[in-house]
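The values are calculated or read from the model by the stated rules, or taken from the named source; none is laboratory data. What you are looking at is a predicted structure, and each value in this text was computed from that prediction instead of being measured. A quick note on method: Cβ atoms are made from the backbone with ideal geometry, for glycine too, and the neighbour counts reach across all protein chains shown. Side chains included, ligands, DNA and RNA excluded: accessible areas come from the protein's heavy atoms. Shrake-Rupley method; radii C 1.70, N 1.55, O 1.52, S 1.80 Å.
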Amino acid sequence: MEDIVALLFGAVIIMFFSYERFNRVTYDGGQQLKRLISILSPDKLRARRVVVNAYLFYALTLEVIYFFLCIYAKLLPALGGPNLISTEVGASKLPSGASETATSLFEGFDQAAELWVRALSTSDAALAANPGFDIGIPPTVSLATALIIVGLAPSFPVLQRFEDWLRGAAHRLAGIPTHIISVAEDLRRNDSGILADGPTKEGRLLVPEGNWERMKHYQAAAKDHLTAPDDFKRDLKLIFALSAWILDRRLKTRNSKERQRFDRLEDELRRRTNELVLQLDEKSGYRLGTSAEKPEEDSDETDERKRASWERLAEAADDLADDLYILLALFVEHEVLVFGGPQQDNSRQQELKKPDRPRQQDLALEKIEAVLGDHATPGQIRSYTMVSLGWTAGMTLLISLLWSLVPGAYEYELQVGSQRNVYWRVLDYTFDGSISLFMPVLVALAMRDGGLQSRTWCDVRAHWTMRLPQMTLVFVVSWAVASLFRIGIVLWQSVLARGANIDGSLLWPSVRTTFEYNAPAMVRGAVLGLLIIGLLDERVARRARPDAKRGRTSSLWLASRAAAIMALWAGVTRALTAWSAALNALPPRSGLDDIDRGLIIYSMMFSAIVGFFVVYCVAEAVFAQRRVSADKGKSSTSDQGDQIAKAGSAPVVPTSGIPAAGE
């Protein structure tokens, strides 16, 4: 029993201690990243939901590697790792023949589950009398392998290079750091209207009045010494505006807990802003009350030195403006600043009801929202990945549990001639459902989420020449990952059950037989993943649905269609499995018998039930959230109309006397 506990404890160690490795930087880039890399860890560059999805992909892949290395521990020295074993441990044995393999594999997870149940239900005296229960993995191997993977023990080059590649792949799938950099570049190109030099004072409210005079003095002093004076002027306006409203916290924000994560970045930007202003004051000879038309000149400096020093200051201002845009993009990504949604409209309407509402706040929000443009909403695209995975896992496990209590008993009686123990059936069905149905959905939705975050995903409205290769790739990868995992577990349980010495000539026939019997079942999970992706792509891309009743009817229709598709594929794949078992039986059978047909019917019923309830729950969850958003939008519009009607008789407050932001 301690070997099972050690194996599971090692898996827990990986889940809890691998986050530190995941949060290490895997990217290097230009000067911009070098300035921020010591302040911003990878988990701060995307929203928590996106980071969690990427970490789950990273951690679950490490778990697969962990189980593989534990089972096949004798491969570690060949890969350059330490020799953790001195006796026969791990999967060092395979069945002695193809017919024996087919017989042992026909029951799927039966023998492995039976061993687990026997360990949990048998007394210590019985186990001592029958010491045959052994998973083949000593506790020292499990714990040592887990510590090696998480970096708490010395690693070996092959595993270290693979972990670096895996971490980089997880970061790229999550858009770390490319998403924030691309958003900041978009904002940089869209900043022409953030400030105005208009004749009205309202157009100048974002920058304190004293800083307008300071900027004029800088421009007059640098007039003949800069290659791009307009860019310098734009950078200065941006720096003074965002410093006043963001760094000095004059703009009201929300989600203060998230904002605290960026205190170091704000302090660094505030320090650089103060240093730049001091250098510009000294260079231009600016003093309070000094006329901007008559900057002080340093007669000791040559024209070349003046030009070089002004260009250096302009470059520093440009870098600071870029980093301020990074901060703005991070605030939108983490919903510290939110624009354009129903909740924001409601809060703005509530603020407008206050008689002392400052016009500066409204203008700041309007200008910053105009600069953000399409990025005014939270940076991450709502993919519904976690919602879909939650409902898929919950419904799959629940249906597997209920099925194992009654229909599963009759299915096992057809398959093995007895109903077996109920606990054994529950464990068998839950393992089978987790691997054959949930794992392909997990891989498929992870690929979709990564494509959405990197903005390379083509939804169902795309042309078939773009959509078909993408869906084919998702289907093949999700099926292949689940098949490899299933085949590895089945080979392991065959070793535990049969215990024959390894024979190189029978290795590939054993793998081939295992593949033929188990791989078709993984197609059902891949098909379920495609059904969920089609539902999310089609429905999320649409705007709010007209009414709740139609959405509920549509959910039933989508669930019924999914049940029919799942039943069809379950019948086909179970027939292929039955043919494989018949051809590899001893003696071989020429065709399917009544038992095989009965098992096909059971498989179709089970898959149809799972497909119906999974798709129905996912559809209802998506539609319910969209209906809530639509209802909030309607209530916001109604409140806005009432406010406009009430404002018809309200006095107009002149804006000419409103003080500037710095006054």
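Assorted remarks:
- Of LYS257/LYS367; LYS44/LYS237; LYS233/LYS257; LYS223/LYS252, pairs whose Cα-Cα distance is over 31 Å: LYS233/LYS257; LYS223/LYS252
- The 1.4 Å probe gives accessible areas that order THR145, THR456, largest first, as THR456, THR145.
- For the peptides 429-435, 71-77, residues were scored by their other Cβ atoms within 10 Å and the scores averaged per peptide; the highest-first order is 429-435, 71-77.
- Among 518-528, 460-470, the order from most to least packed when residues are scored by Cβ within 10 Å on average: 518-528, 460-470
- Ordering of 604-611, 479-486, 308-315 by packing is 604-611, 479-486, 308-315, highest average first (other Cβ atoms within 10 Å, averaged per residue).
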